[in-house]
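The values are calculated or read from the model by the stated rules, or taken from the named source; none is laboratory data. Small disclaimer: the values here were computed from a predicted structure and weren't measured. All Cβ positions, glycine included, derive from the backbone under ideal geometry; neighbour counts span all protein chains shown.
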Amino acid sequence: MSEREPVTTATVAAVAAQNAGHPLDAERAAGIAEALEPILKLIASLRELPLKDIEPAAVFRPEQVDHND
Amino acid sequence: MTDLALMSVSELAPLIENRSLSPVEVTAACIARIATLNARLNAFVTLDDTAALAAARIAEAEITRGDYRGPLHGVPVAHKDLYATAGMRTTGGSRVLADNIPTEDATVVARLKQAGMITLGKTNTHEFAYGPTNEVSLFGSVRNPWNTERISGGSSGGSGAAVAAGLVPIASGSDTGGSIRIPSSCCGLTGLKPTYGRVSRAGILPLCWTMDHAGPLARCALDAAMFLGAVAGADPRDDASAADPVPDYVAQLSGNIEGLRIGVPRNVFFDRADEAVVGCVDEALGVLEQLGAVLVPVDIPYIEQAGAAAMVMYLAEATAYHDDTLNERADRYSEQVRMFLELGDQILAKDYLHAQRYRTLLGKTFVGVFETVDVLATPATPITATPIGCTSTAINGIEDSVFGALLRNTEPFNLTGLPAVVAPCGFDRDGMPVSLQLAGPAFAEGRVLNVVHAYQQATQWHAQRPVLA
């Protein structure tokens, strides 16, 4: 996996407005960016785990119909 | 007679059953104590004394005519303000739901009413259960009865403070990263997070669907077992509800732990805990050893990543749940919770799924550990209750965030869904409670509660009460 670049205020503002639909003003975006960078560094540790053949804990389960017959 | 409000459920029950004590007397004693102490603690946020006394009179009449329902009959209970209570305000500690009055009870509330318990009111919570300190709430911070300048721990902090201060004998809580066990640890109580699916979440405001659990904050393991027996079991209103049969948890409390193998994972759980906390927990382990248990050093691989995985889960799932409200009423959230929700917008789907894959990995790791030991013992929280407003703390000279430290030892059992119980085992140099955590394999609630019960038969830490003149 290639190296991630540090997150910027502009990226946070764009993701919030264009992806999430929760636009932020510049001051809030700056605050989120500052809080987000250490979280992303922490999360990166998950990408380094031996997860190759492991499926997510949330597994799809089809809904079943009750049959009376 | 001992102050009624300070008695445990298991002390009250036989007196109520043999009619030497009326549910009305107990309920009135709790109401009187709330009137005297709640302003200092901010534990209760809604109290319906008229309805509670009416329910107590009904319970009294039922018991008098011989219709005794069991050991919870006529005993008062309080519910975290995250639980839906029909006709009674349920805010989640947030301005977003300041005027919310549900029309239906949460399953846990309904089952406890069925068991004859008297609903006193609702207890304070960290806003939407999104924080382990209980400093942020529509109603203000909860204060710890052992030192009102300290946090109660959260997010079920109102329940913790209320039970510890003798405002109510037992209360409900919810636990997504430790929110039953952290306030129990900070306030000197016995708090149980059952196996995921063991107790219905229906009617409880979600924080993170895949990690939310419901359970009690109690004064001893026996009380927690009684509560669990009344609320556990399948519920068609909760898709995650387990169909496994519900055993008699009280009958499982033999107090015999002879030969029980207790795994002691020093990595992360102990080596990043305050030395005063570790000292008390090691003394407790010595007591368990004297009672016949065998201590086994174990190592939990991959545990270092638990905090990162839990954070991804909270951020992604909580933001998904609050998506619409964040769009329409963002200004009604506290600044702290609003920021957490906005941070959730920035999480990538692949990172959420890596975290879910990590949960599978960690679950398999614990299965391996429980092939060699019967239970695990750790400090409940690596630190004791911190001063209100304090965001960082030093653990053995190393700076750590209060949030991260409080959650570190409890979160792994939310990620894996395994049952865990905490119980007081001493005090630190400032007189704040220190607690031990016992965790077991899935659906081994009886086993972990029995270890605590054995410990509580041999010690008196659980019987200590804060002085609140």
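The number of residues in segment B:47-96 being in contact with a strand residue (DSSP E or B) (Cβ under 7 Å, 6 or more places away or on another chain) and either part of a helix (DSSP H, G or I) or at positive phi (or both) comes to 5. I need the full set of residues from segment B:194-210 which are part of a loop (DSSP other than H, G, I, E, B), closer than 23 Å to B:Tyr249 by Cβ and either touching a Leu at 6+ places or on another chain (Cβ under 9 Å) or not hydroxyl-bearing (Ser, Thr, Tyr) (or both), in order please. Those that are part of a loop (DSSP other than H, G, I, E, B), closer than 23 Å to B:Tyr249 by Cβ and either touching a Leu at 6+ places or on another chain (Cβ under 9 Å) or not hydroxyl-bearing (Ser, Thr, Tyr) (or both): B:Pro194, B:Thr195, B:Tyr196, B:Gly197, B:Arg198, B:Arg201, B:Ala202, B:Gly203.
Taken together, the criteria exclude B:Glu342 from residues that are within 14 Å of another protein chain (Cβ to nearest Cβ), more than 25 Å from the chain's Cα centre (by Cα) and at pLDDT below 95. Residue count for segment A:1-40 satisfying the condition of being in contact with a Pro (Cβ under 7 Å, 6 or more places away or on another chain) and more than 7 Å from chain B (Cβ to nearest Cβ): 2. Here the condition is being buried (at least 17 other Cβ atoms within 10 Å of the Cβ), assigned to a helix (DSSP H, G or I) and among the small types (Gly, Ala, Ser); of B:Gly417, B:Gly368, B:Gly446, it holds for B:Gly446 alone. Answer with yes or no whether B:Glu104 is surrounded by fewer than 20 Cβ atoms within 10 Å (Cβ to Cβ) and in contact with a Phe, Trp or Tyr (Cβ under 8 Å, 6 or more places away or on another chain). Considered against the rule, which asks whether it is surrounded by fewer than 20 Cβ atoms within 10 Å (Cβ to Cβ) and in contact with a Phe, Trp or Tyr (Cβ under 8 Å, 6 or more places away or on another chain), B:Glu104 comes out as no.
Take segment B:245-265 and flag every residue that is surrounded by 14 or more Cβ atoms within 10 Å (Cβ to Cβ) and either part of a loop (DSSP other than H, G, I, E, B) or of a type in the set (A, V, I, L, M) (or both).
Listed by number, the residues that qualify are B:Val246, B:Pro247, B:Tyr249, B:Val250, B:Gln252, B:Leu253, B:Gly255, B:Ile257, B:Leu260, B:Ile262, B:Val264.
Looking only at segment B:181-192, which residues are out of contact with any Lys or Arg (no Cβ under 6 Å at 6 or more places or on another chain) and either among the polar types (S, T, N, Q) or not in a helix (DSSP H, G or I) (or both)? Scanning segment B:181-192 gives B:Ser184, B:Ser185, B:Gly188, B:Leu189, B:Thr190, B:Leu192. Screening B:His322 on (1) buried (at least 17 other Cβ atoms within 10 Å of the Cβ); (2) within 23 Å of the chain's Cα centre (by Cα) shows it passes everything except condition (2).
Cβ separations smaller than 8 Å between residues 6+ apart or across chains give the following pairs from segment A:16-41 residues that are within 18 Å of B:Ala316 (Cβ to Cβ) to residues that are modelled with pLDDT under 95 and of a type in the set (D, E, K, R): A:Leu40/A:Arg4.
The set of residues in segment B:373-414 that are surrounded by 24 or more Cβ atoms within 10 Å (Cβ to Cβ) and of a type in the set (Phe, Trp, Tyr) contains only B:Phe413. Is it the case that segment B:84-95 has a residue that's buried (at least 18 other Cβ atoms within 10 Å of the Cβ), more than 24 Å from the chain's Cα centre (by Cα) and closer than 24 Å to B:Leu228 by Cα? No, segment B:84-95 contains no residue that is buried (at least 18 other Cβ atoms within 10 Å of the Cβ), more than 24 Å from the chain's Cα centre (by Cα) and closer than 24 Å to B:Leu228 by Cα.
In segment A:17-69, the residue that is modelled with the lowest pLDDT out of those that are assigned to a loop (DSSP other than H, G, I, E, B), of a type in the set (Gly, Ala, Ser) and within 27 Å of B:Gly404 (Cα to Cα) is A:Ala58. Can you tell me which residue in segment B:277-311 is farthest from the other protein chains (Cβ to nearest Cβ), limited to those that are in a helix (DSSP H, G or I), closer than 29 Å to B:Val402 by Cβ and of a type in the set (Asp, Glu)? Within segment B:277-311, the match that is farthest from the other protein chains (Cβ to nearest Cβ) is B:Glu283. The requirement of being part of a loop (DSSP other than H, G, I, E, B), away from chain A (no Cβ under 14 Å) and buried (at least 24 other Cβ atoms within 10 Å of the Cβ) is fulfilled nowhere in segment B:233-242; no residue meets it.
Kindly provide the set of residues from segment B:387-407 that are assigned to a loop (DSSP other than H, G, I, E, B), farther than 17 Å from B:Cys187 by Cα and modelled with pLDDT of 95 or more, ordered by number.
B:Gly389, B:Cys390, B:Thr391
Scan segment B:82-109 for residues that are in contact (Cβ under 8 Å) with a residue 24 or more places away in the chain and more than 16 Å from B:Tyr333 (Cβ to Cβ) and the total you get is 13.
When B:Thr384 is tested against (1) modelled with pLDDT of 95 or more; (2) more than 7 Å from every other protein chain (Cβ to nearest Cβ); (3) under 23 Å from B:Pro206 (Cβ atoms), exactly one condition is not met: (3). For B:Val268, state whether it is within 14 Å of chain A (Cβ to nearest Cβ), in a helix (DSSP H, G or I), in contact (Cβ under 8 Å) with a residue 40 or more places away in the chain and of a type in the set (Val, Ile, Thr). Against the criterion (within 14 Å of chain A (Cβ to nearest Cβ), in a helix (DSSP H, G or I), in contact (Cβ under 8 Å) with a residue 40 or more places away in the chain and of a type in the set (Val, Ile, Thr)), B:Val268 does not qualify. Whenever a residue of segment B:246-261 is at pLDDT 95 or above, its partners that are of a type in the set (Ser, Thr, Tyr) and part of a loop (DSSP other than H, G, I, E, B), lying with C-beta atoms within less than 8 angstrom and at least six residues away or across chains, give the pairs B:Arg261/B:Thr372. Per the listing B:Leu315, B:Leu326, the residue uniquely closer than 15 Å to A:Val15 by Cβ, part of a helix (DSSP H, G or I), facing chain A (nearest Cβ under 8 Å) and modelled with pLDDT under 95 is B:Leu326. The set of residues in segment B:329-339 being free of Cβ contacts under 8 Å to residues at least 12 places away in the same chain, under 27 Å from the mean Cα position of the chain (by Cα) and either surrounded by fewer than 12 Cβ atoms within 10 Å (Cβ to Cβ) or away from chain A (no Cβ under 12 Å) (or both) consists of B:Glu335 alone. Step by step: first the residues of segment B:34-57, then only those that are over 20 Å from B:Arg150 (Cβ atoms) and under 22 Å from the mean Cα position of the chain (by Cα), then the one that is surrounded by the most Cβ atoms within 10 Å (Cβ to Cβ). Which residue is that? Per the stated criteria, the residue is B:Ile34.
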